[in-house]
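Peer 1: My questions all concern the structure below.
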Amino acid sequence: MKKCLIITLTLLLFMSMSSLATNTRVFTMGDNNTILLDDANIWIFPSRINDYPNLAIGEFGQPGDFTEFGIHWKFKEENPCVLATYLHNSTAVYPMFSPFRTYYTPPYGYDPLFVPFDWALMSNQRIDLLYGRKLGANQIPFGVRLSLIHSSQRNDIPTDMDEEGFTVYDLAAGLTLGGGLTDVAVGFQRMTWTDKGTFAASSSTWDESKPKGNYLLYADGRHFWQPGPLEWTIIPHAAIYIGKNEAEYFELNDAVTDSLAQTDKYNWFGIELGAGIQFAPSNDAMAVIDFGIRYDKLNGEFRNTDITIGTHDASLKTTAVPFFRVGADLKVFNWMDLRLGATSYWNRHTRENDFPNKLIQNYADNATYLGFGFHWGNLHIDTYTEPDLFLDGFNFLSGRSNDMNLWISALYEIM
């Protein structure tokens, strides 16, 4: 009991340093959202919404400049609940393209998008809603997130009766257990679309496509463990993803009838296992490292009704053995922090099909990050900064046209 209390107090120390931060902070610390305590955790572990009430958060960066705005509302003082609403101003989301196209496109060919939407640039990110409260006599934090993507268009013209639409529902729920030491979450994503074309005998592409059971199941978990000194914390974590995308493509025989021409089916399995380490010798400094393995396997099956083409298979396997994500958050002044981070994924790609063709690639996918945190009263601003700032100075002094910051997040505590 005493050890659990000490660990909980230490987690509160970490939260005092990091809780009022943003997506940008965890990114510039080596993309380490999984092993840090931060309000950005709500996108992985919805139950953490209970820790971050009464906030206003804005995200800024390309391609939409002011890309996201959210507010966290707290209701009631006794048995409170937290409701968060996020709206977006960024590029559209649309069905995934085939990863086999560049090297393993079967000889009969197909569009790189699951559906060749003409309106792919239309904005379709509707809303993200999060709700959290504590359950039962033990006051276990619970949270749920719902994300909605939808847009559509329909031409009601005799010579052009095209109809297109795309919808994604993403629902996740989670619990925070053990006095804040353990987070678990599960989610379900459903994708569907409408894609009806106008009969055109000269058309060289599919005239219509239909979804056939598209889904993604995922689960995430982590645990904060202190085996020794208070400044050290180990965070084992795991994630698993299972999904299927399937589309049927039809050719219109005339203005009324059509026939099935081809079916594309993708099955995806992914898993990540890792262990992170936090070292926080004081409230003014924190260093983190996360290492582990990732495995992804995507199988594709392409069935054509033309017996001269038949059925073909392809697979894409990606492993990162190991991966490393490191970062540091260092106080420079009371009003400014310095963030540094880096990631390294030791990737191995294996692509093959039944023609037969096979491609094996081994390489390191490395990246580095520089950022700053600024604090003035209730306002906290985090930046993902262009490293040239150190080499060339401020662009308004050096005359360079490059941006000083790539991303900026602003958070305000609503008291």
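Peer 1: Give ILE127, ILE49, ILE71 a once-over and let me know the one that is crowded, with 17+ Cβ neighbours inside 10 Å and either among the aromatic types (Phe, Trp, Tyr) or modelled with pLDDT of 85 or more (or both).
Peer 2: Details: ILE127 fails: crowded, with 17+ Cβ neighbours inside 10 Å; ILE71 fails: crowded, with 17+ Cβ neighbours inside 10 Å.
Within the list ILE127, ILE49, ILE71, the selection yields ILE49.
Residues are listed down the side, and each one gets a yes or a no for (1) without any contact (Cβ under 8 Å) to a residue 40 or more places away in the chain; (2) hydrophobic (A, V, I, L, M, F, W, C); (3) at positive phi; (4) outside any strand (DSSP E or B):
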| site | (1), (2), (3), (4) |
| --- | --- |
| TYR215 | yes, no, no, no |
| ARG222 | no, no, no, no |
| ALA261 | no, yes, no, no |
| ASP290 | no, no, no, no |
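Peer 1: Answer yes if at least one residue in the range 325-332 is more than 21 Å from GLN262 (Cα to Cα), in contact with a strand residue (DSSP E or B) (Cβ under 8 Å, 6 or more places away or on another chain), of a type in the set (Asp, Glu) and in a strand (DSSP E or B), and no otherwise. Give the derivation first.
Peer 2: Taking the range 325-332 first, the residues more than 21 Å from GLN262 (Cα to Cα) are 325-332.
Subset that is in contact with a strand residue (DSSP E or B) (Cβ under 8 Å, 6 or more places away or on another chain): 325-332.
Adding the requirement that they be of a type in the set (Asp, Glu) leaves 329.
Adding the requirement that they be in a strand (DSSP E or B) leaves 329.
The answer is yes, given that some residue of the range 325-332 is more than 21 Å from GLN262 (Cα to Cα), in contact with a strand residue (DSSP E or B) (Cβ under 8 Å, 6 or more places away or on another chain), of a type in the set (Asp, Glu) and in a strand (DSSP E or B).
Conditions (1) surrounded by fewer than 17 Cβ atoms within 10 Å (Cβ to Cβ); (2) over 30 Å from LEU338 (Cβ atoms), marked per residue:
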{"site": "GLY228", "(1), (2)": "yes, no"}
{"site": "ILE242", "(1), (2)": "yes, yes"}
{"site": "ALA261", "(1), (2)": "no, yes"}
{"site": "ASP290", "(1), (2)": "no, no"}
{"site": "TYR295", "(1), (2)": "yes, yes"}
{"site": "LEU298", "(1), (2)": "no, yes"}
{"site": "PHE302", "(1), (2)": "no, yes"}
{"site": "LEU316", "(1), (2)": "no, yes"}
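Peer 1: Pick from the range 315-351 the residues that are over 21 Å from ASN267 (Cβ atoms) and among the β-branched types (Val, Ile, Thr): which of them is modelled with the lowest pLDDT?
Peer 2: So, considering only residues that are over 21 Å from ASN267 (Cβ atoms) and among the β-branched types (Val, Ile, Thr), the one modelled with the lowest pLDDT is VAL321.
Peer 1: Within the range 296-324, restricting attention to residues that are of a type in the set (A, V, I, L, M) and in a loop (DSSP other than H, G, I, E, B), which residue is nearest to the chain's Cα centre (by Cα)?
Peer 2: At the first step, the residues of the range 296-324 found to be of a type in the set (A, V, I, L, M) are 298, 307, 309, 314, 316, 320-321.
Pick out the ones that are also in a loop (DSSP other than H, G, I, E, B) and you get 307, 309.
Details: ILE307: 40, ILE309: 37 Å.
Here the answer is ILE309.
Peer 1: Ok, one more. For residues that are of a type in the set (S, T, N, Q) and over 25 Å from the mean Cα position of the chain (by Cα), tally how many sit in the range 143-193.
Peer 2: Within the range 143-193, the first condition is being of a type in the set (S, T, N, Q), and the residues that meet it are 147, 151-153, 155, 159, 167, 176, 182, 189, 192.
Checking the rest, the ones that are also over 25 Å from the mean Cα position of the chain (by Cα) come to 153, 155, 159.
Here the count works out to 3.
Peer 1: Now a separate question. Condition test on LEU217, is it within 20 Å of the chain's Cα centre (by Cα) and exposed (fewer than 15 other Cβ atoms within 10 Å of the Cβ)? Reasoning before the result, please.
Peer 2: Details: within 20 Å of the chain's Cα centre (by Cα): yes; exposed (fewer than 15 other Cβ atoms within 10 Å of the Cβ): yes.
Yes; evaluated as a whole, the condition is true for this residue.
Peer 1: Could you list, in sequence order, all residues of the range 32-63 that are closer than 19 Å to ALA410 by Cβ, under 13 Å from the mean Cα position of the chain (by Cα) and in a loop (DSSP other than H, G, I, E, B)?
Peer 2: Of everything in the range 32-63, just one residue is closer than 19 Å to ALA410 by Cβ, under 13 Å from the mean Cα position of the chain (by Cα) and in a loop (DSSP other than H, G, I, E, B), namely ASN33.
Peer 1: What number of residues within the range 320-359 are surrounded by 13 or more Cβ atoms within 10 Å (Cβ to Cβ), aromatic (Phe, Trp, Tyr) and closer than 23 Å to ASN299 by Cα?
Peer 2: Number satisfying all stated conditions: 2.
Peer 1: Condition first: farther than 14 Å from SER147 by Cα and touching a helix residue (DSSP H, G or I) at 6+ places or on another chain (Cβ under 7 Å). Now tell me which residues in the range 163-186 satisfy that.
Peer 2: Passing the criteria: GLY174, LEU175, THR176, GLY179, GLY180, LEU181, ASP183, ALA185.
The values are calculated or read from the model by the stated rules, or taken from the named source; none is laboratory data. A quick note: this is a predicted structure, and the numbers were derived from the prediction, not measured. Please note: Cβ atoms are built from the backbone with ideal geometry, for glycine as well, and neighbour counts cover all protein chains shown.
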